[in-house]
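The values are calculated or read from the model by the stated rules, or taken from the named source; none is laboratory data. These numbers were taken from a predicted model, which means no experiment stands behind them. With ideal geometry, Cβ positions are generated from the backbone for all residues, glycine too; neighbour counts draw on all protein chains shown.
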Amino acid sequence: MTTRATGVREPMSKVDTAWLRMESPTNLMMITGLLFLNKRMEPRKLKRVIAERFLAFPRFRQKAVDEGNAAFWQTDIDFDMDWHVRVAALPGTGDKAALEKYTSELASTALDHSRPLWQFHLIENYDGGSVLLSRIHHCYADGLALVQVMLSLTDAAPKPEKRAPLAKAWLKRDQGGVVFEIEGKAVALRHDGKFRLESGKWKTENGKRRKLVFHFRSCVVHCENRI
């Protein structure tokens, strides 16, 4: 039953429910990733990008609710951006060892199931730039789809036109969909928050096969330059 107090609900697929219920204290079903930026990222700018691009996928505003006999996606009426996007500082000299320890600690810490199951942790000063650590529960999407979610936060050129539509950059299909190829597989992500993985190879509008080689560092540089 849906009420104003609990937010809008929709049934969760069997696959997503399986990922949600597979979690245990010693087996966190969470995908953790690091994005390295060669320039400093300001928290307010990061939050703006998250609001405009990450939250363009409605799923990330929803909580994963398991009531035993059924699981649901439920809109979080108390959504708090400040809880989901955190600012952190590494101890000591803030070197690689400190980053690895911090990442290990977060990768071993469960997300709060009373909220949408994702967080970004911005380490403002690392090696002259910043690091963005992401933690997203596997029930929201698989690893390949989440790579494309992260791509949607970036631009395809270091100096794109201001507010240029993403359809002219990463988004090669209509309906706001994102398509890319990795290891011979075509991966598609739709803005309704649903994902699919298909065999075969996607082609660009000019009929030539599009091959994407994704490097986190260079893509995040584009994101920094866009802001």
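Is the stretch 27-40 home to any residue that is surrounded by 14 or more Cβ atoms within 10 Å (Cβ to Cβ), over 20 Å from residue 122 (Cα atoms) and under 21 Å from the mean Cα position of the chain (by Cα)? Yes - at least one qualifying residue is present in the stretch 27-40. Counting the residues of the stretch 93-125 that are of a type in the set (Gly, Ala, Ser) and not in a helix (DSSP H, G or I) gives 4.
Picking from residues in the stretch 5-26 that are among the aliphatic types (A, V, I, L, M) and under 21 Å from residue 108 (Cα atoms), the one that is surrounded by the most Cβ atoms within 10 Å (Cβ to Cβ) is 20.
Of the residues 90, 46, the single one that is under 21 Å from residue 127 (Cα atoms), part of a loop (DSSP other than H, G, I, E, B) and in contact with a strand residue (DSSP E or B) (Cβ under 8 Å, 6 or more places away or on another chain) is 90.
Quick grid of which residues meet (1) among the small types (Gly, Ala, Ser); (2) closer than 14 Å to residue 62 by Cβ; (3) in contact (Cβ under 8 Å) with a residue 24 or more places away in the chain:
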| residue | (1), (2), (3) |
| --- | --- |
| 81 | no, no, yes |
| 85 | no, no, yes |
| 90 | no, no, yes |
| 93 | no, no, no |
| 98 | yes, no, no |
| 101 | no, no, no |
| 104 | yes, no, no |
| 107 | yes, no, yes |
| 115 | no, yes, yes |
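Assess whether residue 141 counts as being under 22 Å from residue 47 (Cβ atoms) and modelled with pLDDT under 95. It is true that residue 141 is under 22 Å from residue 47 (Cβ atoms) and modelled with pLDDT under 95.
Anything in the stretch 54-68 that is within 15 Å of residue 9 (Cα to Cα) and either basic (Lys, Arg) or not in a helix (DSSP H, G or I) (or both)? List them, or say none. Steps first, answer last, please.
First pass over the stretch 54-68, keeping only residues within 15 Å of residue 9 (Cα to Cα): 58-67.
Within the stretch 54-68, 59, 61, 62, 63, 64, 65, 66, 67 qualify.
Does residue 82 qualify as being at pLDDT 95 or above and loosely packed, with under 14 Cβ neighbours inside 10 Å? Yes.
In this structure, is residue 71 out of contact with any His (no Cβ under 9 Å at 6 or more places or on another chain), aliphatic (A, V, I, L, M), buried (at least 17 other Cβ atoms within 10 Å of the Cβ) and in the same structural domain as residue 104 (by TED's automatic domain parsing)? Please lay out each step first, then the result.
Working: out of contact with any His (no Cβ under 9 Å at 6 or more places or on another chain): yes; aliphatic (A, V, I, L, M): yes; buried (at least 17 other Cβ atoms within 10 Å of the Cβ): yes; in the same structural domain as residue 104 (by TED's automatic domain parsing): yes.
The answer is yes for residue 71.
Restricted to the stretch 103-125, and to residues there that are touching a strand residue (DSSP E or B) at 6+ places or on another chain (Cβ under 8 Å) and within 14 Å of residue 35 (Cα to Cα), the residue that is surrounded by the most Cβ atoms within 10 Å (Cβ to Cβ) is 123.
Return the residues of the stretch 126-147 that are farther than 19 Å from residue 81 by Cα and assigned to a helix (DSSP H, G or I); say none if nothing qualifies. Working first, answer last.
Residues of the stretch 126-147 that are farther than 19 Å from residue 81 by Cα, as a first pass: 126-130, 138-139, 141-147.
138, 139, 143, 144, 145, 146, 147, listed by residue number.
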